[in-house]
1. Grab the Cα-Cα distance for Glu145 and Glu3, subtract it from 0.36 nm times how many residues apart they are, and report the gain in nm with one decimal.
2. For Asp33 and Ala79, compute 0.36 nm times the residue count separating them, minus their Cα-Cα distance, and round to one decimal in nm.
3. Work out the length of the dipole vector of segment 12-160 about its Cα centre, built from +1 on the beta-carbon of each Lys and Arg and -1 on the beta-carbon of each Asp and Glu, and round it to the nearest 20 debye.
4. At 1.4 Å probe size, put Val97, Val6 in order of accessible surface, largest to smallest.
5. Specify which residue in the list Gln90, Pro144, Thr11 is farthest towards the positive end of the charge dipole of the chain, using unit charges on the beta carbon of Lys, Arg (+1) and Asp, Glu (-1), about the Cα centre.
6. Take each of the peptides 10-22, 57-69, 113-125, average the number of other beta-carbon atoms within 10 Å over its residues, and list them starting from the highest.
Amino acid sequence: MAEQIVIPTVTGRRGRYAALYPQVAALLASEEDAIAAMANLCAAIHQVFGWHWVGFYRVVGDQLVLGPFQGPVACTPIAYGKGVCGTAWQEDRTINVPDVDAFPGHIACSNLSRSEIVVPLHGHGGRVAAVLDVDSASLDDFGPEDEQELARLCRLIEPLLP
Ligand code: SME
C-alpha cells in the first residue's frame, strides 16, 4: 500500500508537528521492524521540516553505528561519550546544541551543519538503544518544542528496540 505524509503548506512548526504526529503514529502502528520504523520516521521528519540531516545511530556494543538517515553521507561509528551523539548516549538526555562550533568534541560530518539536536531512545530495561540526530544548516534552530516533539515521535519506535 502506498503511504504518504501530508502537511498543510501554510502551517508553522507547531502545526507541522501536530499534523505529523498522528500520521506517523498510524504509519508505524503495524510496523514490527525497528529499522523500517526508523527509516520511515526520519524520512517523514526530513520531508516535513527540510533539515539538513535527520537520522538514527544504533547502540551496537560499545559504539553508535549509523542507521537509517536522510541527507549527506555521515560518520560512523561514534564512540561512547564522543561528539554530541555519544554524549547524549552517555548522559541519557536530549542535547540541544545551538552552535555546533561551540560544542567541545562536536563531530563535523558536514560543514553545513550549524546547530544540532540529539534525542536518546530507550529499549528494553530502559537502556539507551539508539539516538535520533537532527542537524540544521541554521544557527540556533531548535527549541523546547523540538525537544518535546522529537522525543514524542521517538517514543513511537521505542517498543520495537532491543
Ligand atoms: N555531529 C554529530 C555526528 C553525527 S553527524 O552530525 C550526522 C556528533 O557530534 O555527534
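The values are calculated or read from the model by the stated rules, or taken from the named source; none is laboratory data. This structure is a prediction, so every number in the text was calculated from the model and none was measured. Heads up, the Cβs are rebuilt from the backbone with ideal geometry, glycines too, and the neighbour counts pull from every protein chain shown. The protein model used for the area step is the full one, side chains on, heavy atoms only, and it has no ligands, DNA or RNA in it. Shrake-Rupley method; radii C 1.70, N 1.55, O 1.52, S 1.80 Å.
1. Details: separation 142, 0.36 × 142 = 51.12 nm, distance 2.65 nm.
48.5 nm is the gain from fully extending Glu145 to Glu3.
2. Length gained, Asp33 through Ala79: 14.1 nm.
3. I would put it at about 160 debye.
4. On the way: Val97 5, Val6 85 Å².
Order by accessible area, largest first: Val6, Val97.
5. The listed residue farthest towards the positive side: Thr11.
6. By packing density, highest mean first, the sequence is 113-125, 57-69, 10-22.
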